[in-house]
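What follows is a single structure, written as structure tokens, with notes after it.
The values are calculated or read from the model by the stated rules, or taken from the named source; none is laboratory data. Because the structure is predicted, anything quoted here is derived from the model rather than measured. Don't worry about glycine lacking a Cβ; one is built from the backbone with ideal geometry, like all the others, and counts go over all protein chains shown. SASA here: full protein model, heavy atoms, side chains in, ligands and nucleic acids out. Shrake-Rupley method; radii C 1.70, N 1.55, O 1.52, S 1.80 Å.
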Amino acid sequence: MNFDKYYALDTNILLEDARNIFTLSNDGKNLIILSETVLDELDSKKSGFDEINFQAREFARILENSKVIETNSVENHKIIRLKIEDTIPCIIDIISKDEYVISSKNISLNIINDRKILEVVSFANRYYDKNIIFVSMDIMARTRAISMDLNTQTLQGKDSDNLEFEFIKDIEINFEDLETLDNQEIIKFDKEYKDENFSYCFKVRHSDQVLLATIENNKIKLLDENEVRNQVITPLNKEQLFFSSAIINHFFNILIVEAKAGSGKTLLALSGALKLVRQKYFQKIIYIRNSIESVDKGEDVGYLPGLEEKFRIYNHPLMDSLEYIIRSEHKKRRNKKAPEQNYSGLDDVEVQARVEQMILNYSIETMWVGEMRGRTLSNAFIIIDEAQNMSNKTMQMVLSRVDNTCKVVVLGSNKQIDNFYVNKYTNALTTLLKATKEKNDFVNIFAIKLEKVLRGPITEWAEKIFSR
């Protein structure tokens, strides 16, 4: 049987999404090669409630629909050819080996497994007399494959090169357009308008005047900057103004934000959420963060919801933001009462007490993705943090819990990926960002990038030198 391409898969490709096997198979035109070590690793991850555990079980279900069509023995290798009986055809060769060259002495299990997989790939390269392509999300495994003269690539997904976005545009207008600009069709001023152009800076010709606006149903809506600034955390630049405006704007029900560290994304999201709960638009705030520490160790931290002590490590961004808001609110009130006096800050005990009271007053909940299956989220302002570390399946599961009484803000940074099972092409943040390029009739999306670091000069310096 002839195939167009021969793909040998690392375990992480199937843990990212078990159905990647069908994508790479391309309707049975390509052969999928799996080492027995990949099956062992998948089998070891079937227990648990993390996304990778679900994917391991999903792959087991896929294998249940297979039948053996051929077996072969070559040297000390055994090759079992399976045909998957699915709506999409797929042929898999599973290769096992009696003895491996790699020694287990003083080498960690993950390295041993990587080398076992690559031993099988190297054999497959000779056996099929084809250029086998080793597909892995792990740069270390791919580098070792290259050192063994094996072809290798990562999983990139569709339109992987199309990752540039123009969420904010600058347009010049005439002075006489000022009075009628609000509620005008955007195409009248920007003939090249695209769905991803969510925000505009309208600069008046021969003037320093600039008007900020967002686009709703293809129409220009000027920002009410006074209303946007009227909250505990005041936006400090135009990107933050656009973001904060979209948070309190009831037209948008899902916001997607890619932002540098220290750009204020979590603070602004939380500040806007507090304002909307205070105004009775939502009953509660739900903070969801995918904890990378639990990707392989869910059993170690347990599966209890809420703000229990053991989950505080995963909720540091939320707690830090609440503390900052408490201190900022106190400072503003003191300055209003006695602007001539020096500001007296709150001590840590008082801050903690006020944070706990705020959590109660605004019904702030934290959720871990492992506890969300089967839940329905209603009447909530939902903040999904660290989206760059979520797989598409995880994000799909989270968003499918949300009903039409909620508003969702998705935050992340593709410069801070810590999950071994995703990359900048395949993670949930990128998938959502790419979705902004297409018109949809289901939700009103807003997206923006926050490029300016406001945390302080050290953060800005670090971002600059380490992002070269």
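Side notes on the structure shown:
- Qualifying positions in region 214-233 - free of Cβ contacts under 8 Å to residues at least 60 places away in the same chain and open to solvent by less than 50 Å² (accessible area, probe 1.4 Å): ILE215, ILE220, LEU223, VAL228, GLN231
- Selection status of TYR128, hydroxyl-bearing (Ser, Thr, Tyr) and within 21 Å of ALA435 (Cβ to Cβ): no
- Tallying residues that are modelled with pLDDT under 90 and part of a helix (DSSP H, G or I) within region 353-379 yields 3.
- Residues located in region 89-119, provided they are out of contact with any strand residue (DSSP E or B) (no Cβ under 7 Å at 6 or more places or on another chain), modelled with pLDDT of 85 or more and not in a helix (DSSP H, G or I): PRO89, ASP98, GLU99, TYR100, VAL101
- Given (1) outside any loop (DSSP other than H, G, I, E, B); (2) of a type in the set (Lys, Arg); (3) under 29 Å from MET397 (Cα atoms), index of the condition LYS46 fails: (1)
- The residues listed here are PHE252, PHE242, PHE202; of these, the one that is in contact with a strand residue (DSSP E or B) (Cβ under 6 Å, 6 or more places away or on another chain), surrounded by 18 or more Cβ atoms within 10 Å (Cβ to Cβ) and part of a loop (DSSP other than H, G, I, E, B) is PHE252.
- Out of ILE117, ILE112, ILE102, one residue alone is of a type in the set (A, V, I, L, M, F, W, C), buried (at least 19 other Cβ atoms within 10 Å of the Cβ) and under 20 Å from THR152 (Cβ atoms). It is ILE117.
- Residue in region 328-349 that is open to solvent by 30 Å² or more (accessible area, probe 1.4 Å), on the phi > 0 side of the Ramachandran plot and either in contact with an Asp or Glu (Cβ under 8 Å, 6 or more places away or on another chain) or modelled with pLDDT of 90 or more (or both) present: no
- Here SER207 fits the description: small (Gly, Ala, Ser), open to solvent by 10 Å² or more (accessible area, probe 1.4 Å) and more than 21 Å from GLU451 (Cβ to Cβ).
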